[in-house]
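Structure record follows, encoded as structure tokens.
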Amino acid sequence: MAHKISCTELLPLLVLSGLLFPGTVKSALSSGAIASGCFESEREALAKLKGGFTDPSGRLASWVGKDCCQWRGIACSNLTGRVIEINLHNPYVDDNLSSDLKPGQALGGEISPSLLDVKELKYLDLSMNNFGGTKLPGFIGSLKQLRYLNLSGASFGGTIPPSLRNLSQLQHLDLSNSFAESSPNDLLWLPGLSSLRYLNLGAIDLSKSTDHWLPAINSLPSLTELRLPNCFLSKLPISLPFINVTSLEILDLSNDDFNSTLPWWLFNLTRLVHLDLNSNSLGGELPDEFANLASLQELDMSQNSYLKGRLPKSLGSLCDLSVLKLSINNITGDITDFINGLARCNDSKLENLDLGNNQLSGNLPDSLGNLKKLRYLQLSFNSFQGSIPQTIGNSSSLKEFYVANNGMSGIPESFGQLSTLVAVDLSDNLWEGVVTERHLANLSSLTDLSLVKMYQNISLAFNIAPSWIPPFKLGYLNIRSCQLGPEFPTWLRNQNHLKTVVLHNARISGTIPEWFLQLNLQLDELDVAYNQLTGKPPTSLTFVDDLSFVDLSVNSYEGPLPMWSSNVTTLFLRDNHFSGPIPPNIGELMPHLTDVDISGNALNGSIPLSIGNMTNLTTLAISNNYLSGEIPRFWSNLPFLYILDMSNNSLWGPIPREVGFLSSLRFFILSNNNLSGKLPSSLRNCSSLDSLDLGENKFSGNIPAWIAESIPSLLILRLRSNLFTGKIPPQICRLSNLHILDLSHNSLSGTIPPCIGNLTGLKVELTDADTERYEGRLTVVAKGRFVVYDQKILYLVNSLDLSDNRLSGEIPEAITNLVRLWTLNLSMNHLTGRIPIDIGNLEWLETLDLSSNNLSGPLPQSITALTKLNHLKLSYNNLWGRIPRTNQFQTLNDPSIYEGNVGLCGIPLPELCPGDEKQPQSPDDGGGNTKSEDTGDDLERLWLFLSIGLGFFVGFWGICGTLIVKKSWREAYYGYFDRMKNKLIVAAFIARRTD
């Protein structure tokens, strides 16, 4: 409603306004519009501004009526009545863009030039709207009264208009996440903003301004907060001619591309309370100048992946420091001096210390317990050793303590004195010894406990009295590879707040007691895998979380397959003794399952059709059971299936065409069944496959070329022991990531494609991404036997097996390009020609089987370079020449390796090579003892013994016998020794007198 003011009331207001704002009073008197409650010119300007916007949600519906000061987002001066604030920030998203911008909530369109008629505008906020890439108009720079401008997240296009230099009174400027394009002049307008106190240009590409960004910033003497994260800046100048931004309190240069050392000028910013340089590539050591930052309250230098060196002692002099974050760097060395320095402060204010994810080593110092105000301590992912210091019990304020992924071994009893401790993670260390109730005695605030041994071997045992009642109420309990058994731990009797229970590999046997089932727990996770539990599975437990997890794997549970509530999404029951059929209504009982592993049991019957109701299923592992029947046709209902393993059952029939609907499938494993028919062409739609294992079945026809054409990312192709015929399609050579290819035990014919040397996955070193890829389990023939590799090592296995086919022609020389091969098996074919001359290039080869072919010629000299070779078979070929006896071949002494090659000679075969008859053979051939059956060797041995005997006889009787028989010689001999003895006695006596 319009508010009318009388002339009598207006006069003193105008007099006062005339003294303070003469221009405003003059404008108000001349317009004659103030009686309406809103200046008419500004009301009309705002109406035009609204007209330029798109407003699908009706946020500007209140922009009606004469009093524009009452409109939503509009504020007027109480003194002059002028519009001074337009706040159209999108209230449906936060400033961190954690929610999606929905078109129905955000303003859009264009900014009308009528905004210039709002002449006293001091505050403009259009943040978190969506202007769809339209350019920010240059006339914004004419709003010279602006003090506050926020356009963050508003999706403007083009570059920042240089006219912003005219906003000389601007104090707050936020353009973060607003502009996608970059210009060399992006920051040349900054020096005009002499009053600026806050500047945020986060996520704007400033790479073209990397040479002049810092001088531009340094021209703002009033700046107190600067945020330039994710700006693609690459240069952080080491020096400046002068420091003008000495008022800076908050500096955020995180997630940029800096690759320099820390500059000296940074440590002249003595008012800093928050420094964030994380996620850069800063190098060098942390300089001593940190000691100058006397007022620093928070230092965050985490995630500088190349920040390295040792922690300087001078950091310890920052007694006002409350937060220190140096995580995710390459800082090395011992932290004793550093912690000692922090602990020497009379009143250390340090509350948050984060040194995680570095390369720090040594023991934790006793002085750690002197940091009395420390609340958060993060030391995970380093190389610390030894025990947690005994003084840790003095850390009376400690609430969170994380030392996971180190090499620590001891937990002191004083740990139990941390009465304020809420969460502790001791996972993945080398803990040993015994944990008693004294280690937990006063942890009255504890809610989260994680204690996980690094390896499966158990060296830490809990020895807690059965009657002991803990002072805490845990919500999260994660204990792995520690001995809690043999009985289920009774100290959990009062833990009725538990939501997560992990007692994995804890040597617990028997049954889960009834008292635990009666705690009425509302669980989100139960993991008691790798124990010796028996009896009835705990199906009475309640799972309330929408993403609940059950793992009873590797126990001795029996009976029918157990079912839980529909909230369970992950169900791991593998390697037990469950029997009977899979419940036919499993899909109705547990429709929200995403991961199912019931492999390694004694389940029988067919695969239930109701599995098709699990529309969120990503993993289905039902291998190693006695399931039979055809594969059902429900696959079109499982769009997210990632892993499908049905191997080692008795399934029969063809692969259904509907499998082609599994566009997300990465691992398809059907090996060791009775499946038959040709591979369905619809399988080409599974273009994301990493592993295709159809071995040990009865599939027939040609190997289709579309496997390579449509599934380019394939890592494993295993079709062994089927009925495939025809040639190996050369398109397989396009599978650049392939590192296991097994086409053995089929009826393939033709030659080995020469392009086989193009399989990049068998000749390049692994990247970090390769080491993290999951490939499940796989059976590979290596070293002459079946070897099962699990996901921890399978990514390293490189194998090429084409054995037991009808392949002919020569072994292509290009096969020697596959320098990362572990196993090469071409046996039981009809291959001819010579072994490739550069076979020695395969330096990683451990298994080489070329047996049962028609290969000819000598063994190439380079074969001795295979120093890792431990399994070799060359038998039943037409090879000839000498068997080498250098390097690894000294250990390959089994004659069966070479048998069936009538032209081969030398150890370990009985056939001597030409010229060997004239040379004495060594009794030890380097790998085993061999007996000569040659008569010449016997005669040589006889002459040797006769020579030794004759030499002994002549030597002994020629000297000793003469002395015995002839008395005069004997007396002369002993007289000579008596004279020598006397001379030595006299010489020793004279030497003693001289001393």
Of everything in the stretch 421-441 that's out of contact with any Asp or Glu (no Cβ under 6 Å at 6 or more places or on another chain), farther than 17 Å from SER387 by Cα and at pLDDT 95 or above, which residue is surrounded by the fewest Cβ atoms within 10 Å (Cβ to Cβ)?
VAL422
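Quick test for you: out of LEU318, LEU350, pick the one residue that is touching a Cys at 6+ places or on another chain (Cβ under 9 Å) and at pLDDT 80 or above. Before the answer, list the steps.
Working: LEU318 fails: at pLDDT 80 or above.
Going through LEU318, LEU350 in turn, the sole match is LEU350.
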Answer from SER239, SER219, SER247, SER195 - the residue that is over 39 Å from the mean Cα position of the chain (by Cα), at pLDDT below 90, surrounded by fewer than 18 Cβ atoms within 10 Å (Cβ to Cβ) and closer than 24 Å to VAL273 by Cα:
SER247
Looking only at residues in the stretch 57-79 that are of a type in the set (A, V, I, L, M), under 23 Å from GLY109 (Cα atoms) and assigned to a loop (DSSP other than H, G, I, E, B), which one is nearest to the chain's Cα centre (by Cα)?
LEU60
Given the criteria small (Gly, Ala, Ser), on the phi < 0 side of the Ramachandran plot and not in a loop (DSSP other than H, G, I, E, B), does GLY809 qualify?
no
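Within the stretch 741-767, how many residues are part of a helix (DSSP H, G or I) and either in contact with a helix residue (DSSP H, G or I) (Cβ under 8 Å, 6 or more places away or on another chain) or under 16 Å from LEU831 (Cα atoms) (or both)? Walk me through it before giving the result.
First, pick out the residues of the stretch 741-767 that are part of a helix (DSSP H, G or I): 754-758, 760-762.
Checking the rest, the ones that are also either in contact with a helix residue (DSSP H, G or I) (Cβ under 8 Å, 6 or more places away or on another chain) or under 16 Å from LEU831 (Cα atoms) (or both) come to 754-758.
Here the count works out to 5.
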Residue that is farthest from TYR476 (Cα to Cα) [pool: residues in the stretch 503-547 that are within 26 Å of the chain's Cα centre (by Cα) and in a strand (DSSP E or B)]
HIS504
Going through the stretch 492-509 one residue at a time, which ones are of a type outside the set (S, T, N, Q) and over 26 Å from MET454 (Cα atoms)?
ARG493, HIS497
Got at least one residue in the stretch 142-154 being farther than 20 Å from GLU44 by Cα and touching a Gly at 6+ places or on another chain (Cβ under 7 Å)?
no
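I'd like the full set of residues that are β-branched (Val, Ile, Thr), farther than 21 Å from LYS536 by Cβ and modelled with pLDDT under 95, limited to the stretch 571-610. Show your work before the answer.
Kept after step one, since they are β-branched (Val, Ile, Thr), are these residues of the stretch 571-610: 582, 586, 594, 596, 598, 607.
This time we only want the ones that are farther than 21 Å from LYS536 by Cβ, so: 594, 607.
Result: THR594, single match.
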Those residues of the stretch 650-663 which are within 28 Å of the chain's Cα centre (by Cα) and surrounded by 15 or more Cβ atoms within 10 Å (Cβ to Cβ), in sequence order:
LEU662
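So if I check each of GLU911, GLU917, GLU843, GLU899, which one is charged (D, E, K, R), at pLDDT below 90, in a loop (DSSP other than H, G, I, E, B) and surrounded by fewer than 20 Cβ atoms within 10 Å (Cβ to Cβ)?
Working: GLU917 fails: in a loop (DSSP other than H, G, I, E, B); GLU843 fails: at pLDDT below 90; GLU899 fails: at pLDDT below 90.
The match here is GLU911.
Given the structure, is SER682 assigned to a loop (DSSP other than H, G, I, E, B) and either among the polar types (S, T, N, Q) or touching a Pro at 6+ places or on another chain (Cβ under 8 Å) (or both)?
no
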Spot the failing condition for ILE204; the list is (1) closer than 26 Å to ILE111 by Cα; (2) surrounded by fewer than 21 Cβ atoms within 10 Å (Cβ to Cβ); (3) of a type outside the set (Phe, Trp, Tyr), and only one is missed.
(2)
If we only count strands (runs of 3 or more DSSP E) wholly inside the stretch 548-655, which ones have 2 or more residues that are in contact (Cβ under 8 Å) with a residue 40 or more places away in the chain?
568-572, 643-645
Regarding LEU146, is this residue farther than 26 Å from ASP276 by Cα, part of a loop (DSSP other than H, G, I, E, B) and at pLDDT 95 or above?
yes
Any idea which of ILE140, ILE160 is surrounded by 15 or more Cβ atoms within 10 Å (Cβ to Cβ), more than 46 Å from the chain's Cα centre (by Cα) and under 27 Å from LEU248 (Cβ atoms)?
ILE140
Residues located in the stretch 714-749, provided they are crowded, with 17+ Cβ neighbours inside 10 Å, among the hydroxyl-bearing types (Ser, Thr, Tyr) and in contact with a strand residue (DSSP E or B) (Cβ under 6 Å, 6 or more places away or on another chain)
SER744
Just need a number here: residues in the stretch 858-883 that are farther than 29 Å from VAL764 by Cβ and either assigned to a loop (DSSP other than H, G, I, E, B) or touching a Phe, Trp or Tyr at 6+ places or on another chain (Cβ under 7 Å) (or both).
5
Among the numbered criteria (1) in a strand (DSSP E or B); (2) out of contact with any Phe, Trp or Tyr (no Cβ under 9 Å at 6 or more places or on another chain), which single criterion is violated by LEU124?
(2)
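Quick grid of which residues meet (1) in contact with a Leu (Cβ under 8 Å, 6 or more places away or on another chain); (2) in contact (Cβ under 8 Å) with a residue 40 or more places away in the chain:
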site	(1), (2)
ASP804	no, yes
VAL819	yes, yes
ASN829	yes, no
GLY833	yes, no
If ASP211 satisfies all but one of (1) buried (at least 17 other Cβ atoms within 10 Å of the Cβ); (2) out of contact with any helix residue (DSSP H, G or I) (no Cβ under 7 Å at 6 or more places or on another chain); (3) in a loop (DSSP other than H, G, I, E, B), what's the number of the condition it fails?
(1)
Qualifying residues in the stretch 393-412 (those that are in contact with a helix residue (DSSP H, G or I) (Cβ under 6 Å, 6 or more places away or on another chain) and surrounded by fewer than 19 Cβ atoms within 10 Å (Cβ to Cβ)) - the one nearest to ARG375 (Cα to Cα):
ASN394
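Residue by residue through the stretch 479-496, note down the ones that are among the charged types (D, E, K, R), in contact (Cβ under 8 Å) with a residue 24 or more places away in the chain and in a loop (DSSP other than H, G, I, E, B). Step through it out loud before you land on a result.
The initial filter retains those residues of the stretch 479-496 that are among the charged types (D, E, K, R), namely 480, 487, 493.
Now narrow it down to the ones that are in contact (Cβ under 8 Å) with a residue 24 or more places away in the chain: 480, 493.
ARG493 - this is the single residue of the stretch 479-496 that is among the charged types (D, E, K, R), in contact (Cβ under 8 Å) with a residue 24 or more places away in the chain and in a loop (DSSP other than H, G, I, E, B).
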Counting only residues that are buried (at least 22 other Cβ atoms within 10 Å of the Cβ) and touching a His at 6+ places or on another chain (Cβ under 8 Å), the stretch 610-649 contains a total of 1
Any residue that is part of a loop (DSSP other than H, G, I, E, B), within 30 Å of ARG227 (Cα to Cα), hydroxyl-bearing (Ser, Thr, Tyr) and at pLDDT below 95 - is there at least one of those in the stretch 80-96?
yes
Taking the condition part of a helix (DSSP H, G or I), modelled with pLDDT of 90 or more and of a type outside the set (Phe, Trp, Tyr), does LEU13 pass?
no
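The values are calculated or read from the model by the stated rules, or taken from the named source; none is laboratory data. Fair warning: this is a prediction, and the values are worked out from it, not measured in the lab. As a convention, Cβ positions derive from the backbone with ideal geometry for all residues, glycine included, and neighbour counts pool all protein chains shown.
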